[in-house]
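K.L.:
Quick one: this structure, given as structure tokens, is what I'll be asking you about.
The values are calculated or read from the model by the stated rules, or taken from the named source; none is laboratory data. Fair warning: this is a prediction, and the values are worked out from it, not measured in the lab. For neighbour counting, all protein chains shown are included, and Cβ atoms are generated from backbone atoms with ideal geometry for every residue, glycine included. SASA here: full protein model, heavy atoms, side chains in, ligands and nucleic acids out. Shrake-Rupley method; radii C 1.70, N 1.55, O 1.52, S 1.80 Å.
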Amino acid sequence: MKLVFAGTPEVAVPALDALIASDRHEVVAVVTRPDAPSGRGRRLVASPVAQRAEEAGIEVLKPAKPREEDFLARLREIGPDCCPVVAYGALLPKVALDVPARGWVNLHFSLLPAWRGAAPVQHAVMAGDEMTGAATFQIEEGLDSGPVYGVLTEHVRPTDTSGDLLTRLAFAGAGLLAATMDGIEDGTLLPVPQPSEGISLAPKINVEDAQVDWAAPALRVDRVVRACTPAPGAWTVFRGERLKLVQLALLPDRTELAPGELAVGKNNVYGGTGSHEVELLWVQPQGKKPMRAADWARGVRIAPGERLGSADVG
């Protein structure tokens, strides 16, 4: 088939690579989000998908909105058979959905109908799911509600961050998307409607959602930190400034500290929660790079009884 691939971030690149490598299909163009400011200089930088497509000599389309007439005209001119999608980042209007003869097929990182929305992996980790996966489905106007072509499953490991899990799903899902294109092309794969039960939503997690509540049980604190790593980054407040929490360890046998209360050992930093304690392993003070929590604690000289999250951000 003649394909136009739509995607933007790094997690979409493995799928693009798998389709470029296919001897059954041709990726004739890529649709991605416009260049965005990046780094301290806020210089405009092309998306990872755009950079990979340019390396491969593939045409790149960067509409501000996919309903722009110039973009739609070019899409019709290309005349793709199918448009595979991975984390494109914009809603596709019906006028765009109607262009390819075999529609738009999305690789979504959950077992639909669970976790429909922008942040399925983060919500799976935050909810404590033991199993997740990826699905390919036909895009329709509803939110991730179209019929499903194929699925794969993936265990959520106890120490997985969203970044860890998403990386594994991106590479496994690349093979699933390529196989889905093969099945659509040869007519052996038909989409199956999603069940009406088991629907859950996964809206984007913002910075406010990533603030740790130390009165919550330790398991919840740990899940929030892992779910929000690497983005948007879990955080708390210490002495009126934000402190990012990069990595924790659960300590089920320690219950001496009040929620948010800190205790410092020779090479360890402990924090109290609504249940048992956690050990702070890596933190990132405001304006600095991530560091070992023990090094941070030595630098700030934590006083007995000092707490995390006990004051507003200054």
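K.L.:
Which cross-chain or sequence-distant (5 or more) residues have an amide H under 5 Å from the amide H of SER145, H modelled 1.01 Å from N in plane?
P.N.:
GLU140
K.L.:
Which value does Rg/Rh take for the chain over its C-alpha atoms, Rh per Kirkwood? Present the calculation step by step, with values, prior to reporting the outcome.
P.N.:
Values: Rg = 22.4 Å, Rh = 21.3 Å.
Ratio of gyration radius to Kirkwood radius for the chain: 1.05.
K.L.:
Give the residues of region 5-31 whose amide nitrogen is closer than 16 Å to a point set 7 Å from the Cα of SER38 in the direction of its Cβ.
P.N.:
Within reach of a label on SER38: 7-14.
K.L.:
Also, quick follow-up: Take the alpha-carbon positions of region 113-233, form their convex hull, and give its projected area averaged over all directions (one quarter of the hull surface) in nm².
P.N.:
Values: hull surface 32.2 nm².
With the hull built on Cα positions only, its mean projection is 8.1 nm².
K.L.:
Under 12 Å from a label point 7 Å along Cα→Cβ of THR167: give me every residue in region 230-274 with its amide N that close.
P.N.:
230, by backbone N distance to the label point.
K.L.:
Let me ask something else about it. Where the accessible area of the chain is counted over protein heavy atoms with a 1.4 Å probe, how much of it, in %, is carbon and sulfur? Don't skip to the end; give the middle numbers.
P.N.:
Details: 7880 of 15220 Å².
Carbon and sulfur atoms account for 52 percent of the accessible area of the chain.
K.L.:
Separate question: What nm value, rounded to one decimal, do you get for the distance between ASN267 and ALA215 when each label is placed 7 Å out toward the C-beta?
P.N.:
Result for the modelled spin labels: 3.7 nm.
K.L.:
Two decimals is fine: what's Rg over Rh for region 33-182, C-alpha atoms, Kirkwood radius as Rh? Walk me through the intermediate numbers first.
P.N.:
Working: Rg = 16.4 Å, Rh = 16.8 Å.
A ratio of 0.98.
K.L.:
Here's a follow-up. Would you please name the GluC sites (Glu not before Pro) within region 99-145 that are DSSP coil residues with at most 14 other C-beta atoms within 10 Å of their C-beta?
P.N.:
Numbers: sites: GLU130, GLU140, GLU141; in loops: GLU130, GLU140, GLU141.
The qualifying sites are GLU130, GLU141.
K.L.:
If you find the alpha carbon centre of region 158-186 and of region 249-296, how far apart are they in angstrom?
P.N.:
A separation of 35 Å, based on Cα centres.
K.L.:
Convex hull volume of the Cα atoms in region 73-114, per residue, in Å³? If you can, show how the numbers build up before the last one.
P.N.:
Details: hull volume 3.7 nm³, N = 42.
Convex hull volume per residue, Cα atoms: 88 Å³.
K.L.:
Could you work out Rg/(2.2 N^0.38 Å) for region 14-75, with Rg from alpha carbons only?
P.N.:
Values: Rg = 13.2 Å, N = 62, 2.2 N^0.38 = 10.6 Å.
Here the Cα radius of gyration is 1.25 times the empirical estimate.
K.L.:
What percentages make up the Cα-Cα pair-distance distribution of region 199-314 when the bins are 5 Å wide from 0?
P.N.:
Using 5 Å bins, I get a P(r) of 2, 12, 23, 27, 20, 9, 3, 2, 1, 0 for region 199-314.
K.L.:
Next question. Counting only heavy atoms of the protein chains, get the accessible area per residue of region 15-153 (1.4 Å probe) and round it to a whole Å² value. Could you put the intermediate results ahead of the total?
P.N.:
Working: 6320 Å² over 139 residues.
Per residue, region 15-153 has an accessible area of 45 Å².
K.L.:
Here is a further query. Please list ARG102, ARG168 in order of solvent-accessible area, largest first, computed with a 1.4 Å probe with all protein chains present.
P.N.:
Values: ARG102 100, ARG168 50 Å².
My answer, sorted largest first, is ARG102, ARG168.
K.L.:
Starting from the amide H of VAL27, placed 1.01 Å from N in the peptide plane, find each other amide H under 5 Å away whose residue is 5 or more places distant or on another chain.
P.N.:
Answer set, sorted by chain and number: LEU3.
K.L.:
Still on this structure, please answer the following. Taking the alpha-carbon distance from LYS204 and a cut-off under 20 Å, which lysines remain once sequence neighbours fewer than 8 residues away in the same chain are dropped?
P.N.:
Cross-link targets: LYS65, LYS244.
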